[in-house]
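> Quick one: the structure is below, questions incoming.
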Amino acid sequence: MVTNTRIHVQTKGDCELVDITRQVAQRVEESAIKDGTVTLFIAGSTAGLSTIEFERGLLSDFQSMWERTVPRGIPYRHDAAWGDGNGHAHVRASLLGPSLVVPFMNKRLTLGTWQQIVLVDFDNRPRSREIVLQIMGE
């Protein structure tokens, strides 16, 4: 069986991390599927999905890592072509990736004790984000 649903999130951008674990768990609980996987996909090219311990120090470390790895304020050809200043956001999102698969058993996500599902918005402005969930199993 397959069920499709969506989660909508308003973001601030600038490498904001949004914990969406509760919303994903709720959609799994509401589905008619007891055991399976939930695939999450962010529709957009300047955001990504991952898991992390949603703890202030680690969130700061994660954001700092992106500044060191794919910094803002350096020339990006995307910015020269489009003038929107978010070339870094596109590169970061490509590295993180747009999707995530999480198994669940007995309608419960099989995440670790300190593991949360996060949307990371790399864009340089607030956005309305849509995450597509496909819940599969029996």
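> In whole Hz, with x marking every Gly and Pro, tabulate ³J(HN,Hα) for segment 52-68 from phi via Karplus 6.51 cos²θ - 1.76 cosθ + 1.60, θ = phi - 60°.
6, 6, 7, 10, 3, x, 5, 4, 5, 4, 4, 5, 5, 4, 5, 5, 6
> Taking only Cα atoms, what is the 0 to 90° angle, nearest 10, from helix 87-96's long axis to the longest principal axis of the chain?
30 degrees
> Residue-wise, which Karplus ³J(HN,Hα) couplings in Hz belong to segment 126-138, taking 6.51 cos²θ - 1.76 cosθ + 1.60, θ = phi - 60°, and x for glycine or proline?
3J(HN,Hα) across segment 126-138, in whole Hz: x, 9, 9, 10, 10, 10, 8, 10, 10, 9, 10, x, 9.
> While we're looking at this one, here's another question. What does the charge add up to near VAL91, with Lys and Arg as +1, Asp and Glu as -1, over the other residues with Cβ less than 14 Å from its Cβ?
Spelling it out: positives minus negatives among the neighbours equals 0.
> Counting each DSSP H run of 4 or more residues in the chain as -39500 (n - 2.57), what helix-only mean residue ellipticity at 222 nm follows after dividing by all residues, to the nearest 500 deg cm²/dmol?
-8500 deg cm²/dmol
> Counting pairs of alpha carbon atoms under 8 Å apart in space and at least six apart in sequence, what relative contact order in percent does segment 2-137 give?
55 percent
> Same structure, new question: If you find the alpha carbon centre of segment 105-135 and of segment 33-89, how far apart are they in angstrom?
13 Å
> Using the beta-carbon distance between GLU138 and ARG6 and R0 = 25 Å, what value does 1/(1 + (r/R0)^6) give for FRET efficiency, to the nearest 0.05?
It comes to 0.65.
> Additional query: Length gain on complete extension for the stretch SER94 to ASP35, per 0.36 nm per residue less the alpha carbon to alpha carbon distance?
Difference between extended and current length: 18.2 nm.
> Show me the GluC sites (Glu not before Pro) within segment 9-91 that DSSP assigns to loop and that have at most 12 other Cβ atoms within 10 Å of their Cβ.
Sites meeting the loop and neighbour criteria: GLU55.
> Continuing with the same structure: Taking the simple approach of a point 7 Å from Cα along Cα-to-Cβ for both THR21 and ASP79, what is their distance in nm?
Rounded to a tenth, the inter-label distance reads 3.5 nm.
> How large is Rg/Rh for segment 2-137, to two decimals, with Cα atoms and a Kirkwood Rh?
Here the Rg-to-Rh quotient is 1.01.
Coordinate-derived values only; no laboratory data. The model shown is predicted, which means the values in this text are computed figures rather than measured ones. Don't worry about glycine lacking a Cβ; one is built from the backbone with ideal geometry, like all the others, and counts go over all protein chains shown.
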